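The values are calculated or read from the model by the stated rules, or taken from the named source; none is laboratory data. These numbers come from a predicted model, not from an experiment. A quick note on method: Cβ atoms are made from the backbone with ideal geometry, for glycine too, and the neighbour counts reach across all protein chains shown. When the accessible area is computed, the model is the full protein with side chains, heavy atoms only, and any ligands, DNA or RNA have been set aside. Shrake-Rupley method; radii C 1.70, N 1.55, O 1.52, S 1.80 Å.
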Amino acid sequence: MDHSAIAKKWQAVWAEKKVFVQEPGEKPYYCLEMFPYPSGTMHMGHVRNYSLGDAVARYKRMKGHQVLYPMGFDAFGLPAENAAVQNNFDPADWTEENISTITEQFKLLGMSYDWSRLVVTCRPDYYRWTQWLFIQLYNKGLVYRKKAVVNWDPVDKTVLANEQVIDGRGWRSGAEVEKKEIEQWFIKITAYADELLDAIDGLTGWPERVRTMQKNWIGRSVGAHISFSVNGEEIKVFTTRPDTLFGATYLVIAPEHPLVRSVAQKNSAVADYLSIAAKKSSIERSAADKSGVDTGLRALHPVTKEKIPVWVAEYVLMEYGTGAIMAVPAHDERDFAFAQEHSLPIKQVISSDQDLPFTGEGELMQSGFLDGLSSVRAREAVIELLEKDGVGSHHVQYRLRDWLVSRQRYWGCPIPFVYCDSCGGVPVPESDLPVVLPKDVSFGEGNPLETSNSFIQTTCPKCSKPARRETDTMDTFVDSSWYFFRYTDANNESAPFDKGLVNSWLPVNQYIGGIEHAILHLLYARFFTKATRDLGLHTIDEPFKNLLCQGMVLKDGEKMSKSKGNVVSPLDMIHEFGADAVRTFSLFAGAPEKEYEWSSEGVSGVQRFLHRVSLLCAQREFRSAFSSHDEYILSVTHRTIEQVTEHMDSLRLNLAISDIMVLTNTLSSYGQSAVHQETFSFCVDTLLQLLAPFAPHIAEELWSTRHDSLLASSVWPIADPDKMSLVAEQAFELHASLEEDIQKVIGLSGVTPQQITIFLPSSWKYSFLADLKDAFSQTHNVGEIISSFMQTDLRRYGKEISSLVPRYAKDRSKLPRAILSSEHEAKEVTLFARSLSSRLNVRVVVELEDGSSHPKAKQAMPGKPAIFIE
RNA sequence: GCGGGUGUGCCCGAGCGGUCAAAGGGGACAGGUUUAGGCCCUGUUAGCGUAGGCUUACCCAGGUUCGAAUCCUGGCACCCGCACCA
């Protein structure tokens, strides 16, 4: 049967027996992959992602967990809308079509999802609850509307969140972002800034770099607000170093600062500067030059009461802090550079041996009542004084901004609000949800929802007068911020999810996805979890216990992309090599979190490996009695169980596969009727079980020829420490007793022995010795022993054994040395040597009595030969 | 600039104080089996030697140790995140 037929057969059986449909129980385990955007076809990154999750899910099921392993689609988004514009498709049809295509591909790969829990964010049965949650957050004060300067993507014609602007460009379109002021919806994520930050320390199952990225993104700075007065008006600054207050020799405000406008009317230098700054794009603005002009304003220092100049400069950002800083050039690099550029005074207030600017902490100087204090003490003292005078206070500043969720697009979740002339903005009542996307829209310029009268025109839920519906839709990140809750109760029609079900399944035990979501998605999802917890919807604090960010799949050293023409199609690969080989290779090619190069040679290598496994199962000839070989392969098998289990638990799946390959090779070496059927059968069964998470179809097929039950629901094997006893130790013991046996032979024979010295250096074969021992237990007649060996296929003494046996030291005299006595003629020894040589595929050297040696000597074989096997 | 990470043989990739010339896979070469083989099996694949063996090797330079790919110090290279964040 070919691989695709086998795959189909077992996929059908698994589905029919509902092997993957599980409810929470004693040992719930939630395995989750970041759900995809249904763009049409799968790429290799998907295959890797889902193969990882599927292997984990299958493993955990076999370990006796109830596993929640669902799949869904993050189905709102711009590509559907673009397709609508270009090809006149309905975005919903286009999306649904893609979903069914991709679903087929998932099934082709044999992923063990519980499809009854399918979640699709663009379907009303899902987004109804997105809207419901939005309103709950609104009622809780976590959603608000305000006029804001926004990042406008001129290509996608929509607003972008700060998080979606990368180096001044739109994250999707790559277009340079413009500034616009519009009324927008925000989610107050900053209300949770502290908790989101503090809880990161508890996320020990997350990669360090993701934790660091999140911390940096939230960016908490502890410091103080300090007010300077300027002609009766106030300039408030934020600083992390209130201790350096006496060193503040001037202020700098951002070009957008409200105070600058009035100055510009009177001061042409300032006006010119502002107009130049305004023309610059945000990219140009970020160039690190230290331009700026004096506004002519003078601020009153709140403590020294000195008058200090106020400058305006681009390097101060309106978006961060208060849009104004106090400059302490002696102790800040940027201020220092700026002061030098514009010849502003520099006053040292922290003593140090180092050159200025000195940015460290230390003992205060030239700071009046602070002199002699440490930076830490000085900070407290300064803030205390400022608070007393009402000109300053403690303040914690975040880099994190509130989450702008309005999008002026069609293909997203409608924001469930209505504007009424009398009542203002009114949330749509729960009974009227969902607010469904209309079909009578036209795509083109601007927001398509604006073109649908049936959608816009409505009545006010409060006063029933005619009202206008909100036409903004939500950022798709909102949809994906709670989908992992919905999986627990995907078909619930009366609530987004059941509290009990969420509490029993969550947190997600293993979350798997790309590093590109390290900040946005994960932060939003964490926020939603905390916010919905505080709404009383569940009691989970953090959604994802363990996080794995898988590495990229490269081709020719580069990311696969259509423009580079180096895209490898998963479908082609599955067609050619089979789902099992593709899955297994995608896990074997490298450590899960590292990137690797896709190689079809590698896949075919895995295919060969899987083929060898099936050859093992076809083994029909066995030895009738147990022997030391049985102990040996049992010990290797048990050790493999232990190692694979360890590697599965630590997600080092590439190593787990490697372990399985080693076991396969070992068992293959014993394929020639060397072991008892019972032993072999156990070992092969175990092998199939270990393989099941990676190559489920082939493993299931092979298992079905040996058992009536399903492999997928079999119980993961447990390593027996007693049976794992070190092969190496056994080998030594065996060797010792072998030597005794041999000595006995010599004693018995009483004949001047010819000497056959068998050196057993690095590549000596454990099983060869075992056979030799067995042979000696039957007879002490070397002739018989030799002839019995002649009849055996010696090739099974594979090199896999040598790797498990400790190597002997370099000193050859320490090598084990067997002395065989023999009455036989040189001819027979030669025969033995040749047999070993050709059948064992080892080099055999025969050493002459005088110590000389030459390969050809075995032809002549005079006197007393010795044989080296290595 | 700040923060995180990586560096092993032809390639990928394990190892993380002695059992290491370094697992496993791929590729290449040779042999066996075969009507044939792109199936399968075996061997070789740093250099020199018929071989025992010797020399050189885990980014570079030092150090700790009887002993280092593995531990420490200092470099170098590459990758990623944030970035005039006050």
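Highest mean first, what order results for A:469-479, A:429-439, A:598-608, A:129-139 on Cβ atoms within 10 Å?
On the way: A:469-479: 23.8, A:429-439: 14.8, A:598-608: 16.6, A:129-139: 20.4.
Averaged packing, sorted descending, gives the order A:469-479, A:129-139, A:598-608, A:429-439.
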Inset, instruction - Let me know the shape class of segment A:592-650, please: from the alpha-carbon gyration tensor, a ≥ b ≥ c as square roots of the eigenvalues, rounded when a/c is under 1.5, otherwise prolate if a/b is greater than b/c, or oblate. - result: oblate
Legend entry - Residues whose placed amide H lies under 5 Å from that of A:Thr158, excluding near-sequence neighbours: A:Asp153
Inset, instruction - Could you work out the relative contact order of segment A:470-574, using alpha carbon pairs under 8 angstrom and six or more residues apart, expressed as a whole percent? - result: 25
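Taking all protein chains as present, what is the carbon and sulfur share of the accessible area of segment A:276-414, in % to the nearest whole number, probe 1.4 Å?
50
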Inset, instruction - Report Rg(Cα)/(2.2 N^0.38 Å) for segment A:572-676, keeping two decimals. - result: 1.22
Inset, instruction - Could you run the Karplus curve 6.51 cos²θ - 1.76 cosθ + 1.60 with θ = phi - 60° over segment A:128-144 and give me ³J(HN,Hα) per residue in whole Hz, x for Gly and Pro? - result: 3, 7, 4, 5, 4, 5, 4, 5, 4, 5, 5, 4, 8, x, 9, 10, 8
Inset, instruction - Can you send over the solvent-accessible area of A:Lys9, 1.4 Å probe, protein chains only, in Å² to the nearest 10? - result: 80
Inset, instruction - Give the calculated FRET efficiency between A:Asp572 and A:Ser599 to the nearest 0.05, with a Förster radius of 25 Å applied to their Cβ-Cβ distance. - result: 0.95
Inset, instruction - Grab the other residues whose beta carbon is less than 10 angstrom from that of A:His676, score K and R as +1, D and E as -1, and report the net. - result: -1
Legend entry - Sequence-distant residues sharing a close amide H with A:Cys413 (under 5 Å, placed H): A:Met474
Inset, instruction - List the residues whose amide H sits under 5 Å from the amide H of A:Gly362, counting only those 5 or more places along or on another chain, with H placed 1.01 Å from N in the peptide plane. - result: A:Ser375
Legend entry - Residues of segment A:1-39 with amide N under 17 Å of the 7 Å Cα→Cβ point at A:Asn491: A:15-24
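Within the set A:Lys305/A:Lys347; A:Lys147/A:Lys465; A:Lys17/A:Lys107; A:Lys157/A:Lys188; A:Lys147/A:Lys180; A:Lys236/A:Lys388, which residue pairs have Cα atoms separated by over 19 Å?
A:Lys147/A:Lys465; A:Lys157/A:Lys188, as the Cα separations exceed 19 Å there.
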Inset, instruction - Could you tell me what % of all Cα pairs in segment A:342-391 have separations over 14 Å? - result: 57
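Counting Lys +1, Arg +1, Asp -1, Glu -1, what net charge surrounds A:Glu306 among other residues with beta carbon under 14 Å of its beta carbon? Walk me through the intermediate numbers first.
Values: positive: A:Arg298, A:Lys305, A:Lys307, A:Lys347; negative: none.
Overall, the nearby charge balance is +4.
Taking a ≥ b ≥ c as the square roots of the eigenvalues of the Cα gyration tensor of segment A:80-126, is the shape rounded (a/c under 1.5), prolate (a/b larger than b/c) or oblate? Could the numbers behind the result be given before it?
On the way: a/c = 4.26, a/b = 1.71, b/c = 2.48.
In terms of gyration-tensor shape, oblate.
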Legend entry - Per-residue HN-Hα couplings for segment A:473-489 [Karplus 6.51, -1.76, 1.60; θ = phi - 60°; Hz; x = Gly/Pro]: 10, 8, 3, 5, 5, 5, 4, 8, 8, 9, 4, 5, 6, 5, 4, 5, 7
Inset, instruction - Pop a pseudo-label 7 angstrom from the Cα along the beta-carbon direction at both A:Val21 and A:Glu104 and give the gap in nm to one decimal. - result: 2.4
Legend entry - J(HN,Hα) series, segment A:366-371, from Karplus relation 6.51 cos²θ - 1.76 cosθ + 1.60, nearest Hz, glycine and proline x: 6, 10, x, 5, 8, 3
Legend entry - Shape call, segment A:377-441: gyration tensor on alpha carbons, a/c limit 1.5: prolate
Inset, instruction - Give the dimensionless ratio obtained when the Cα radius of gyration of segment A:170-277 is divided by 2.2 N^0.38 Å. - result: 1.52
Inset, instruction - Sort out for me the Cα centre separation of segment A:24-69 from segment A:221-249, rounded to whole Å. - result: 52
Inset, instruction - Arrange the peptides A:582-591, A:290-299 so that the one whose residues have, on average, the most other Cβ atoms within 10 Å appears first. - result: A:582-591, A:290-299
